[in-house]
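Trainee: To start, I am sharing the structure in question, which I have written as structure tokens.
What follows draws every value from the coordinates through simple rules; no lab data is involved. Note that this is a predicted model, so its numbers are computed, not measured. Neighbour counts run over all protein chains shown; Cβ positions are idealised from the backbone, glycine included.
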Amino acid sequence: MKVELRIKRFDPEKDQKPRWADYQVEVEPTDRLLDALHYVKWYQDGSLTFRRSCAHGICGSDCMLINGVNRLACKVLVKDLGRRITVEPMRGYPVVKDLVVDMEKFFAAYRAVKPYLINDEPAGPRERLQSPAERERYDDTTKCILCGACTTSCPSFWANDDYIGPAAIVQAHRFIFDSRDRGAAERLEVLNQREGVWRCRTIFNCTDACPRDIEVTRAIQEVKRAILFQRI
Amino acid sequence: MYRGGEGQLSFILHRITGVGILVFLFGHVADTFLVGFGPDLYNHAMAIYRLPVIRVLEVLLAAAVLYHALNGLRIIIIDFWPAASRYQRAMFYAVGVVFLALFIPAAITMIRPLFH
């Protein structure tokens with residue numbers, strides 16, 4: 001089948017502002033959008049710039065705004081997108097070139113929530129054990145691949161890019177509710193700031209956008225509750 | 001425009017109705033303030049509220065207050081019971097149903113006197 005790709009392009013060395021470019025691509029219905037982008041880059045216009053690494057929905061490199069919603073180009077099939085497909089970079093971060101955005105602030109927010117195990121108690125002779133129920137408590141938020149789909153779908157984040165964003169809160173959730181971790185208080189302190197969880201307006205765009213089907217808004221709500229009641 | 005789902009629509013409506021109600025409140029504070037300048041001015045201001053066009057705006061105000069209140073309850077439920085986030089779509093439609101059930105009779109009651 002033939003599809004038309006409308007790609008929002010921006011070359012900082014040539015363009016004053018982003019422009020739309022159209023490409024006709026012959027694809028199989030079961031091809032992923034990433035295959036179509038590869039076709040453009042390899043056979044039509046080598047200057048088209050986008051990120052991708054594993055191309056199998058795990059590395060989280062190729063999140064983009066596809067037909068008006070955030071999706072991973074390597075997970076979404078062409079047959080589910082129609083004959084005319086619009087592709088734009090994620091919203092809210094500065095565009096470096098074409099579909100590549102500068103995610104430095106995204107990872108700064110990630111680092112701010114201390115996304116690593118904090119536990120000063122001396123490690124015993126064996127692993128720090130936890131029950132299946134304790135593991136289940138934060139299972140959902142372990143699935144995050146840091147693609148940025150949630151944060152860049154969030155109207156609160158578009159309005160204020162100092163908002164720490166859903167992705168960082170998901171990462172914080174993963175450790176706050178981990179029975180082996182002792183750093184919950186310092187993470188909740190970070191998330192209780194002006195630019196923390198309270199900027200969330202329960203809009204649910206993040207949950208809809210997540211390619212890993214994480215219930216992002218729910219995780220944020222659980223963190224809000226933990227702050228409110230000082231209880232995990 | 002990001003093509004968000006019901007959650008984004010509920011948020012946009014919540015914001016618009018919230019700002020609308022706030023603007024009305026500023027006006028309402030101003031008209032109540034006029035009573036300090038004597039009954040004539042105040043009564044004159046109150047007469048404006050009886051204009052048919054203002055009545056139509058009052059119907060819109062009732063709609064805004066009703067939606068904002070009902071969706072506010074939806075958000076409160078999600079705030080205090082995070083598991084409810086799984087049902088946020090159904091709750092949005094429930095807000096719509098309750099809204100229509102309350103708003104339609106209220107609007108008829110408010111508009112009817114204009115035709116007498």
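Trainee: Please go through the stretch A:145-162 and pick out each residue that is surrounded by fewer than 24 Cβ atoms within 10 Å (Cβ to Cβ) and in a loop (DSSP other than H, G, I, E, B). First the steps, then the outcome.
Mentor: So the first thing to find is which residues in the stretch A:145-162 are surrounded by fewer than 24 Cβ atoms within 10 Å (Cβ to Cβ), and the list is A:145-146, A:155-156, A:158-162.
The answer is A:I145, A:L146, A:N160, A:D161, A:D162.
Trainee: Are any residues in the stretch A:191-210 away from every other protein chain (no Cβ under 12 Å) and either out of contact with any helix residue (DSSP H, G or I) (no Cβ under 8 Å at 6 or more places or on another chain) or buried (at least 18 other Cβ atoms within 10 Å of the Cβ) (or both), and if so, which ones? Break it down into steps so the answer makes sense when it comes.
Mentor: Filtering the stretch A:191-210 down to residues away from every other protein chain (no Cβ under 12 Å) leaves A:191-196, A:199, A:210.
The answer is A:L191, A:Q193, A:R194, A:E195, A:G196, A:R199, A:C210.
Trainee: Collect the residues in the stretch A:216-232 that are within 13 Å of another protein chain (Cβ to nearest Cβ) and not aliphatic (A, V, I, L, M), keeping them in residue-number order.
Mentor: Once the filter is applied, which keeps residues that are within 13 Å of another protein chain (Cβ to nearest Cβ) and not aliphatic (A, V, I, L, M), the stretch A:216-232 yields A:T217, A:R218, A:Q221, A:E222, A:K224, A:R225, A:F229.
Trainee: Looking at the structure I just gave you, is B:L60 within 14 Å of chain A (Cβ to nearest Cβ), in a helix (DSSP H, G or I), closer than 22 Å to B:V95 by Cβ and in contact (Cβ under 8 Å) with a residue 24 or more places away in the chain? If you could, list the steps in order and put the result at the bottom.
Mentor: Numbers: within 14 Å of chain A (Cβ to nearest Cβ): no; in a helix (DSSP H, G or I): yes; closer than 22 Å to B:V95 by Cβ: yes; in contact (Cβ under 8 Å) with a residue 24 or more places away in the chain: yes.
No; evaluated as a whole, the condition is false for this residue.
Trainee: Same structure, new question: Report every pair of residues separated by at least 6 positions or lying on different chains whose Cβ atoms are under 9 Å apart, first residue within the stretch B:1-28 and more than 9 Å from every other protein chain (Cβ to nearest Cβ) and without any contact (Cβ under 8 Å) to a residue 60 or more places away in the chain, second surrounded by 13 or more Cβ atoms within 10 Å (Cβ to Cβ) and of a type in the set (S, T, Y).
Mentor: Between residues of the stretch B:1-28 that are more than 9 Å from every other protein chain (Cβ to nearest Cβ) and without any contact (Cβ under 8 Å) to a residue 60 or more places away in the chain and residues that are surrounded by 13 or more Cβ atoms within 10 Å (Cβ to Cβ) and of a type in the set (S, T, Y), the close pairs are B:L13/B:Y67; B:T17/B:Y67.
Trainee: Looking at the stretch A:124-144, which of the residues that are within 13 Å of the chain's Cα centre (by Cα) and buried (at least 18 other Cβ atoms within 10 Å of the Cβ) is nearest to A:I66 (Cα to Cα)?
Mentor: Within the stretch A:124-144, the match that is nearest to A:I66 (Cα to Cα) is A:C144.
Trainee: Is it the case that some residue within the stretch B:90-105 is within 14 Å of chain A (Cβ to nearest Cβ), free of Cβ contacts under 8 Å to residues at least 60 places away in the same chain, in contact with a Ser or Thr (Cβ under 7 Å, 6 or more places away or on another chain) and under 23 Å from A:C206 (Cβ atoms)?
Mentor: no
Trainee: Then there is this: Return the pairs, sorted by first residue and then second, in which the second residue is assigned to a strand (DSSP E or B) and not aromatic (F, W, Y), the first residue lies in the stretch A:1-22 and is over 11 Å from A:V87 (Cβ atoms) and free of Cβ contacts under 8 Å to residues at least 12 places away in the same chain, the beta carbons are less than 9 Å apart, and the residues are 6+ apart or on different chains.
Mentor: Final answer for the pair search is A:E13/A:K97; A:D15/A:R9; A:R19/A:K8; A:R19/A:R9.
Trainee: Of (1) crowded, with 16+ Cβ neighbours inside 10 Å; (2) without any contact (Cβ under 8 Å) to a residue 24 or more places away in the chain, A:K105 satisfies all except one. Which?
Mentor: (2)
Residues are listed down the side, and each one gets a yes or a no for (1) out of contact with any strand residue (DSSP E or B) (no Cβ under 8 Å at 6 or more places or on another chain); (2) surrounded by fewer than 15 Cβ atoms within 10 Å (Cβ to Cβ):
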site	(1), (2)
A:S53	yes, yes
A:G60	no, no
A:P89	no, no
A:Y110	yes, no
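Trainee: Can you tell me which condition A:D213 does not meet? The list is (1) of a type in the set (D, E); (2) surrounded by fewer than 20 Cβ atoms within 10 Å (Cβ to Cβ); (3) away from every other protein chain (no Cβ under 13 Å), and all the others hold.
Mentor: Single failed check for A:D213: (3).
Trainee: To continue, here is another question. Consider the stretch A:33-73. How many of its residues are within 14 Å of another protein chain (Cβ to nearest Cβ) and under 15 Å from A:G148 (Cβ atoms)? Even if it seems obvious, please write down each step before you answer.
Mentor: Step one: filter the stretch A:33-73 for residues within 14 Å of another protein chain (Cβ to nearest Cβ), giving A:63-71.
Within this subset, residues satisfying the condition of being under 15 Å from A:G148 (Cβ atoms) are A:63-66, A:69-71.
Within the stretch A:33-73, residues that are within 14 Å of another protein chain (Cβ to nearest Cβ) and under 15 Å from A:G148 (Cβ atoms) number 7.
Trainee: Another question about this same structure. Report yes if some residue within the stretch B:81-102 is of a type outside the set (A, V, I, L, M, F, W, C) and either in contact with a strand residue (DSSP E or B) (Cβ under 8 Å, 6 or more places away or on another chain) or more than 30 Å from A:C154 (Cβ to Cβ) (or both); otherwise report no.
Mentor: Start the filter on the stretch B:81-102 by keeping residues that are of a type outside the set (A, V, I, L, M, F, W, C), which leaves B:82, B:85-89, B:93, B:96.
Then drop every residue that is not either in contact with a strand residue (DSSP E or B) (Cβ under 8 Å, 6 or more places away or on another chain) or more than 30 Å from A:C154 (Cβ to Cβ) (or both), which leaves none.
For the stretch B:81-102, residues of a type outside the set (A, V, I, L, M, F, W, C) and either in contact with a strand residue (DSSP E or B) (Cβ under 8 Å, 6 or more places away or on another chain) or more than 30 Å from A:C154 (Cβ to Cβ) (or both): absent.
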